[in-house]
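The values are calculated or read from the model by the stated rules, or taken from the named source; none is laboratory data. Quick caveat, the model's predicted, so the values are computed rather than measured. FYI the Cβ positions are ideal-geometry reconstructions off the backbone, even for glycines, and counts take in every protein chain you see.
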Amino acid sequence: MNQKKTLIGIALLILLFASLGVLFFYKNREAVGESDVTFTITTDAGKEIRLHMWHSPYDDRRYLFLPSCASNAFDVRITASGLHLVSFDGGGRGLSVDASGLTEGEHTVSAGGSNFPFTILCSSEVASLYVTTDSGSLSYIEEKKGNSETGLYTMIGEGGRLIGAGTLDGLKSRGNVTFLEDKKPYQMTVRDEADLFGGDVPIQNYILLANRQDQSLLRNKILYDLAADCGLPFTPRSRFVDLYINEEYRGSYLLCEKAEVAKNRVPIKASGKVTETGFFVSLEYPDRLDEADEEHGYTRGGQALIVKNPKKLTDAQMSYIIGRFEEIENALADDSLESLNVDWDSFAGKYLMEEFSKNLDAMYSSQNFYCEAKDAKGGILHEAGRLYAGPVWDYDKTLGNPLIEHSRPVNFQEPWGIYAASAQKDANWWHDLMGSAFFQGKVRDCLEDRLKDPAKKMIESGLDKLQAMLSASASLDYVRWDPFEHAKYDEPFAFEDDYRGEVERIRSFMEQRLFFLDKALFGQVRYDELPIDPQGGELGQKTLPALEGYPMHEIRHPKLEGKEFDHWERSDNGEPVDFDEPYDGMPFTLRAVYR
């Protein structure tokens, strides 16, 4: 009897295994989706990184974007969801296969009844940041600016060293115009303070700048580094990272500190009881004030202000804060700027960052100022009650960025011309200050003593170092987001030439910009803004900057329906403008001539 039961048991086991075998056989003939295939990389730090392939809509190819630390990975495994066997480049099949030593180039992974040819691209020289949201999706976060979700984060250095890991109190989309882009910027709030810059200054709020409107990905980093070299207070620390969210590559980002009042950032004392409180404010576009969550108002001179801190203001405190800026407006009228409790060195440095970079938002947005409370004992920052300019912020639309629209009245690709100190509608802040001989002196000293040498060093060697560091990371971003829009125009990708050309564009702009400011800002040579008359043609640019004794830069040609542009002529004598000849210092209007 026992023998019979044993035989029945064996038969049932055989039948079970046979059934499982048949199920397994047919299971592995099923089609598998590429999202079901997972690459798990274990770094030297013992951290596991899970990645998925990305299917490009541009060229209909699959890519696996590997972080810098993958070159030091000691274990790479490939798995597929369910009971699907996988193989890599025709190697042995199994529920999990070893793929250590992944190399750039073409590969194939097979899973179930599907084959997935894909291309491996490897980053280098930059850290990688991995974020996992609780929902496993970015849909809610990217649906509306400010939508936040908790999760986890891990940051690993380019060599595989663990830099930080922990819980996120929130990941959210941010930005104004940049929020509307497909590659979105984010704010990441870590639950436990951490220093992800390799120092010992822990903070909670980190910004991930997408730099979507900057084909070089470098402009914010360049200006932050220059601002730090110029000694501007609380300039954000920053570093490049390859960002992965929910196991998918999101691109090359600039991780940086937030411009905010916080511990180890701008730690002012903002009092809820004292009228003469500490504060943190920003100049802003007037049409954005109604959308702002923060308190806002206008000075008598018409300057729009947003109060970032304190969060809850009394009417008396708001009047006090606006009054501090009206003090400057009044002092400009009677030439008494020097008497004010203002740190003019920080103001001069902040102005030069805007003017040197020819920042599109120089007078309108991201212009920050802060002040310690007058009752602070000795001042937490520098001097109690003193008004400072900074921290600097937002420089993607600078340094001759070619993506700035050509329809604007100012040519932002032109390295000559005074912009930040020009008179603009509802934004005369820097213009009025530069009308003061006292403030001009502060700016002259800053240019000579604090900006020139760092700018020259950046031009001569700093740009090359940044390009070498970011090039591999940028090449992955280039494939992921097509920043030069080759796919849009059905053109082949040409990363090396395009990227090198964009870096050289920045170098040329900085060289000429520094030359121009040195000559024109303080009247070393005559500087004129020559009016442009397109004679009915379409041309955004309204004036042409000219330095006496130096050739002018040739401008774009206007378009006039039914006519073809021929040349520019001088209004004073009707002669053709020769852009190769030095400007003679006799102002005239440039008139378009058509045929």
message: Out of the residues in the stretch 563-595 meeting the condition of being farther than 11 Å from G537 by Cβ and among the small types (G, A, S), tell me which one is surrounded by the fewest Cβ atoms within 10 Å (Cβ to Cβ).
response: G574
message: Quick check on T79: is it among the polar types (S, T, N, Q), assigned by TED's automatic domain parsing to the domain that holds L196 and in contact (Cβ under 8 Å) with a residue 12 or more places away in the chain?
response: no
- request: Residues being of a type in the set (A, V, I, L, M, F, W, C) and either at pLDDT 95 or above or in contact with a Lys or Arg (Cβ under 7 Å, 6 or more places away or on another chain) (or both): count how many of those fall in the stretch 480-531.
  value: 12
query: What helices (runs of 4 or more DSSP H) lie completely within the stretch 401-500 and have 3 or more residues being of a type in the set (A, V, I, L, M) and crowded, with 20+ Cβ neighbours inside 10 Å?
result: 463-481
task: Evaluate the following for K465: is it free of Cβ contacts under 8 Å to residues at least 60 places away in the same chain and within 20 Å of I222 (Cβ to Cβ)?
output: yes
task: Read through the list (1) out of contact with any helix residue (DSSP H, G or I) (no Cβ under 7 Å at 6 or more places or on another chain); (2) touching a residue at least 24 places away in the same chain (Cβ under 8 Å), then give the number of the only condition that Y499 fails.
output: (1)
- prompt: Mind checking which residues of the stretch 104-135 are closer than 25 Å to K47 by Cα and out of contact with any strand residue (DSSP E or B) (no Cβ under 9 Å at 6 or more places or on another chain)?
  reply: S124
field: Yes/no for V266 being crowded, with 22+ Cβ neighbours inside 10 Å and part of a loop (DSSP other than H, G, I, E, B)
entry: yes
task: Take I163 and decide whether it is in contact with a strand residue (DSSP E or B) (Cβ under 6 Å, 6 or more places away or on another chain), among the β-branched types (V, I, T), surrounded by 19 or more Cβ atoms within 10 Å (Cβ to Cβ) and over 21 Å from L121 (Cα atoms).
output: yes
- line: Per the filter on the stretch 100-115, residues over 22 Å from S475 (Cβ atoms) and in contact (Cβ under 8 Å) with a residue 24 or more places away in the chain are S100, V109, S110, A111, G112, G113, S114
